[in-house]
Amino acid sequence: MVERVFEHRRIWRLTQDAFASAAALIAGREPTPGVVVGIARGGVPLARLLAAHYGAPVVELTARHNRSDEVYLPATGQVELPQEPDAALAAHRGARVLLVDDICGTGSTYRAAVGWLEAHLVPAAMRTAALCRSEAAGFTPDTWVWDTLDWVVFPWDEPTQTSEDLVVPASPRVGEER
């Protein structure tokens, strides 16, 4: 099992306005991709917004890691991916891919999805972006906006009691060049 690390000091809320601002920060940092791949379910809203910005197609990749959206649910470390890409995704073999998700918690989903996409699409280039990254994650996206060690409630999540809004920084965070 992969361990998620939380401080349990707050539950962050990402407002719709902060989400739009964060997406703009990512779009300003990442080069134009041939396709934006959103990890379903949480990465799809970001993928759609980024794809609209770039004028690029968007496709979903279902990568199931969490059993539910229950707050502070432990990670399983097991990521379920499709056997083969669907027609929408397969149409982008050899493209420049921007893979996005709402959060990089442990890094398991990103590691599995990157490997799966490299094997099935053989992309010309692969970049990764997230809204949030756990400071304890075992994977670092190319671009992300917030570091956190507490739970984050996104605009598309079921409402829950939150304690603080995330404040949009002046610039995104960036990982080391691969």
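Every number in this text was worked out from the coordinates using simple rules, so none of it is lab data. Here the structure is a predicted model, which is why all the values come from computation and not from measurement. Quick reminder, even Gly has a Cβ in these numbers, built from the backbone with ideal geometry, and neighbours come from all protein chains shown.
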Using +1 at the C-beta of Lys and Arg and -1 at the C-beta of Asp and Glu, which of Val44, Ala88, Ser134 has the Cα lying farthest in the positive direction of the dipole of the chain? Ala88
Using alpha carbon coordinates only, what is the Rg to Rh ratio of the chain, with Rh defined as the Kirkwood radius? 0.94
Once the Cβ-Cβ distance between Ala40 and Ala170 is put in as r, and R0 is 35 Å, what FRET efficiency do you end up with, to the nearest 0.05? 0.70
Only Cα pairs within less than 10 Å get springs; with that Gaussian network setup on the chain, which residue of Val97, Val145, Val122 has the largest fluctuation? Val122
GNM, the chain, Cα, under 10 Å: largest mean-square fluctuation among Ala56, Ala47, Ala129? Ala56
Helix axis angle, 44-54 relative to the chain longest principal axis, alpha carbon, degrees: 60
With Cα springs under 10 Å, the Gaussian network model of the chain assigns the largest mean-square fluctuation among Thr143, Thr106, Thr160 to Thr160
For the chain, the longest principal axis of the Cα atoms and the Cα long axis of helix 16-29 enclose an angle in degrees, to the nearest 10, of 40
Only Lys, Arg, Asp and Glu count, each charged at its Cβ (+1, +1, -1, -1), so figure out the dipole size of the chain about its Cα centre, rounded to 20 debye. 340
From the square roots a ≥ b ≥ c of the eigenvalues of the alpha-carbon gyration tensor of the range 1-65, which class results: rounded (a/c under 1.5), prolate (a/b over b/c), or oblate? oblate
Taking DSSP loops as anything outside H, G, I, E and B, show the longest stretch in the chain free of GluC sites (Glu not before Pro) there with at most 14 other beta carbons within 10 Å. 71-134
